[in-house]
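Taking it in order: structure first as structure tokens, then the write-up.
The values are calculated or read from the model by the stated rules, or taken from the named source; none is laboratory data. The structure presented is a predicted model; accordingly, all values stated were derived computationally and were not measured. Note: ideal-geometry Cβ built from the backbone for every residue, glycine included; neighbour counts use all protein chains shown. With ligands, DNA and RNA removed, areas are computed over all heavy atoms of the protein, side chains included. Shrake-Rupley method; radii C 1.70, N 1.55, O 1.52, S 1.80 Å.
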Amino acid sequence: MTLPVFTSLTGGTQGVLFDDERQVLDDTVGYRGATACKVTGITYRQLDYWARTDLVEPTVRTAKGSGSQRLYSFRDIVVLKIVKRLLDTGVSLQQIRSAVVALRVRGIEDLAQLTLMSDGASVYECTSQQEVIDLVQGGQGVFGIAVGRVWREVEGSLASLPEANADMESEFPGDELSARRARRQQNVS
């Protein structure tokens, strides 16, 4: 059974795999790049490259030149962690890009109801237990990523880490370098 890259098998819902309650997310709250790297296990260089090449762009606030800080939403960090796991298992960046495009289209709750399966070459989305079983029985799936589990891991990791509000200026209070730049700009003007 050959399926195109990142495809849904039947379009059902996953039901009992993800029956726990998840917190409601604030779209104005984001996390700096260093926090995203710490939670996902990627390097800042990877994070920057993925943002510049539009693989995973920060949705709370993008970089606006030198010295500005990107802010990644909770959902962005979940997607970053999924990308990292797919890379670690040998899935090509081209296949991952296709998967990320499909993940972007989903709502946050839809994302939590998804299991990604891969045979190392292609990525498949499964939204029910039966789809996972069908894929494995068909010999297609080698490993799976339960997005709901990744969601909970990220949620637990972020609980003790600082967050930032998108409504704040791009210069963050307490950031000495940003404060110096602001003072220098005021003196030049």
remark   = Note on the range 141-164: residues open to solvent by 20 Å² or more (accessible area, probe 1.4 Å), part of a strand (DSSP E or B) and either in contact with a helix residue (DSSP H, G or I) (Cβ under 8 Å, 6 or more places away or on another chain) or at pLDDT 85 or above (or both) are GLY144, ALA146
message = Kindly evaluate LEU111 against the criterion of being open to solvent by less than 40 Å² (accessible area, probe 1.4 Å), at pLDDT 85 or above and closer than 28 Å to ASP48 by Cβ.
response = no
message = Name the single residue that is surrounded by the fewest Cβ atoms within 10 Å (Cβ to Cβ) among those in the range 114-140 being closer than 18 Å to LEU87 by Cα and of a type in the set (A, V, I, L, M, F, W, C).
response = ALA121
query = Exactly one of (1) within 13 Å of the chain's Cα centre (by Cα); (2) among the β-branched types (Val, Ile, Thr); (3) open to solvent by 60 Å² or more (accessible area, probe 1.4 Å) is unmet by THR89. Its number?
reply = (1)
request  = Please work out which one of (1) aromatic (Phe, Trp, Tyr); (2) at pLDDT below 85; (3) within 15 Å of the chain's Cα centre (by Cα) is the condition PHE172 fails and give its number.
outcome  = (3)
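Assess whether GLY30 counts as being on the phi > 0 side of the Ramachandran plot and modelled with pLDDT of 85 or more. Explain how you work it out, then say what you get.
Details: on the phi > 0 side of the Ramachandran plot: no; modelled with pLDDT of 85 or more: yes.
Taking the combined requirement at face value, the residue does not satisfy it.
Report, by residue number, each residue of the range 52-68 that is surrounded by 20 or more Cβ atoms within 10 Å (Cβ to Cβ) and either outside any loop (DSSP other than H, G, I, E, B) or out of contact with any Ser or Thr (no Cβ under 6 Å at 6 or more places or on another chain) (or both). Show your work before the answer.
So the first thing to find is which residues in the range 52-68 are surrounded by 20 or more Cβ atoms within 10 Å (Cβ to Cβ), and the list is 56, 58, 60-61.
Listed by number, the residues that qualify are VAL56, PRO58, ARG61.
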